[in-house]
Each structure stands twice: as C-alpha cells, then as structure tokens.
C-alpha cells in the first residue's frame, strides 16, 4: 500500500456516484444487455483471462474501501472530498480513459470541483479546477522510475493480475456462478488462500463472460464477511478512446507550473524494494524515502504504536487486511500478514 501511495493519490472520492455526470469527455460507454454465458471451469476461465487482449477502454470505476486504518492526522482524512489521502477509506469514483501505456486520462471528482490527470507520451498534466492550476511534467523517455501512475494500476484488471500472481498450490480456485457488472454478465472466480499466515481470506474476481477481462475485484480479510476492497466498473466500453481525450491545454487565466512538485515528486533514486517469501504471505521490504517531503509524513506516523524486538525499534500499522512495520533505522516491511511475520522478516533482513 505504501509503495503504491503515489498511484493512489490520483483518485478522489465523491459524495454520490451520480457526480460522474459532470465529467467532460467525448467517450460514451457502451451498455450491453446481460446475456447468458455457458458453464465454465476454473482452468478454462484462467486460460481465457491469460489470452484476453484489448487495445483500450473507457469507463467509470467505483471503489468502496474499508481497510480499518487508524485515524492518523494528515494520512487518513475526510476533510475534503478531493483530498488524495481521503481515498484510503470510504466511497470513491473515477472516470478513466486508456489507449495504451502512453495514453491515459483520469478524472477525479469532488462535489464542487474536479482534478484531471492527462498522460500523453512524455507529457503529464495535472489540472485542478479548485485552484485553477495546471502542473506540467516532461517525462524522460524510457525511464520507468519516472513513469506516471497508470490507470491500469487501479483497474479491476490490474488488481486481478496481482491476485493471480499469488496462485500456487496453496490456493483453492473455484467458479461460483455469475453476476451482472456494468450491465455485462460476469463469471465469479474465487481465490481462497490455504496459507494460514496471510490475512487475505478470499479474492473474488468478476470476469466478463465475453471478453474474459476482469470487471470487478473484491478482497476479503480473513474471517470477515464484508469486503475490505471492492472495486468494479459501473460502466465500461472496450472501444479504444480517441487521442483527443488525452490532449490538454490550460484554459486562459490558469496558473501554470512546470516540473516536479509535492503531488508528483521526483522519485527517490535510493534503495529498490525487495520481496521476502512467496505467494500470499510474501513481505515487501524497502527503504523509506529520504526526500524533503518524507519528514512531514514521518511526523504524521508518530501516532502509530511503538514496538520493539530483536530486529530493533519502530512503529506498527496493524489493519485487518495487512500490516506495515516502519523501523527507526528507515526500513519498511509490509504484507497481507500478521505483525509477527514482519518482525521475523525485519530480524533476518538487516
């Protein structure tokens, strides 16, 4: 979660799903009448997902996030409907357009304003209607460290891909009927970890019956009947959006800023992340950012409980679906596991 926080910042919640109607855009999502689909098996459905291919899409994604995070000043807040950190809890809606890795757009909607992110080639624009400000970043070509957060990072398809990456003999895979998502009939693929050390109880993936593209993903914490993460399309079109959707010109009178800023910081060139373990109980380790913006974020985490052990001292974020250990020597360990797993990882990877 912490490693993906920059990506998450591009979303914003809205009070009601109907606010999507205010988004400016020329793509109208196609609504297909739900149709019956033939029975399938987990093996056949997985194979269909692996071979699914589409050149682009547009649609509306609705997310319900209930991670059970503690109240941290400046980290989890609902003071503003367009606060980037407020999306870590509650209901969120975004409108997205995707036409490949170099053509993306996301519209983030508030009750009275909106934020748009346009990515076209090496140009990245962020537009905020609340303060009438446009920020432009020129991205160096072929530098993945500076690549902007893509729409796919938060779509059901990408979330499903991450879940499927954990498939191994420790996972039970079943197909539990069908449901309707975005007016389309979808198979329900259920992944249930056998690994008792993970906090993930199950992942339910709604797979489009015709295209075999994931339309929705629900993640349940162990022992919970309510989804901690529920993300799915409310409408979707698999027609490739026109290039006009990704072009942006600041309106007259707008304040225009150039270069990296707090919302899109230049990446820390320090220590890459590493993965400890495999499957559902794997732990990600990386070094905390050393940039200027890291100090305020570190102060905001002082409300987390203090912990110590053979690995050293630090603070623990303990949520129903995952836990995060931040050591005083600058290491971060995170995973969908109990804190004890993080403590062992920190003790053996110094």
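The values are calculated or read from the model by the stated rules, or taken from the named source; none is laboratory data. Everything numeric here is computed off the predicted structure, so don't read it as measured data. Don't worry about glycine lacking a Cβ; one is built from the backbone with ideal geometry, like all the others, and counts go over all protein chains shown.
Only one of 42, 70 is at pLDDT 80 or above and surrounded by fewer than 19 Cβ atoms within 10 Å (Cβ to Cβ); which?
Checking each option against the conditions leaves just 42.
It is to be established whether one or more residues within the range 297-310 are in a loop (DSSP other than H, G, I, E, B), out of contact with any strand residue (DSSP E or B) (no Cβ under 7 Å at 6 or more places or on another chain), more than 30 Å from residue 130 (Cβ to Cβ) and at pLDDT 85 or above.
Checked against the condition, which is being in a loop (DSSP other than H, G, I, E, B), out of contact with any strand residue (DSSP E or B) (no Cβ under 7 Å at 6 or more places or on another chain), more than 30 Å from residue 130 (Cβ to Cβ) and at pLDDT 85 or above, the range 297-310 yields at least one hit.
Please go through the range 96-114 and pick out each residue that is surrounded by fewer than 23 Cβ atoms within 10 Å (Cβ to Cβ), in contact with a strand residue (DSSP E or B) (Cβ under 9 Å, 6 or more places away or on another chain) and farther than 21 Å from residue 55 by Cα.
Matches in the range 96-114: 113, 114.
Can you tell me which residues in the range 175-218 are touching a helix residue (DSSP H, G or I) at 6+ places or on another chain (Cβ under 9 Å), farther than 27 Å from residue 319 by Cα and in a strand (DSSP E or B)?
Residues satisfying the conditions are 175, 181, 187, 207.
Looking at the range 330-350, which of the residues that are part of a loop (DSSP other than H, G, I, E, B) and at pLDDT 90 or above is surrounded by the most Cβ atoms within 10 Å (Cβ to Cβ)?
336
For the range 214-234, enumerate the residues that are at pLDDT 90 or above and surrounded by fewer than 19 Cβ atoms within 10 Å (Cβ to Cβ).
222, 223, 224, 225, 226, 230, 234
When you check residue 174 against the structure, is it at pLDDT 90 or above and touching a strand residue (DSSP E or B) at 6+ places or on another chain (Cβ under 7 Å), yes or no?
For residue 174, the condition - at pLDDT 90 or above and touching a strand residue (DSSP E or B) at 6+ places or on another chain (Cβ under 7 Å) - is met.
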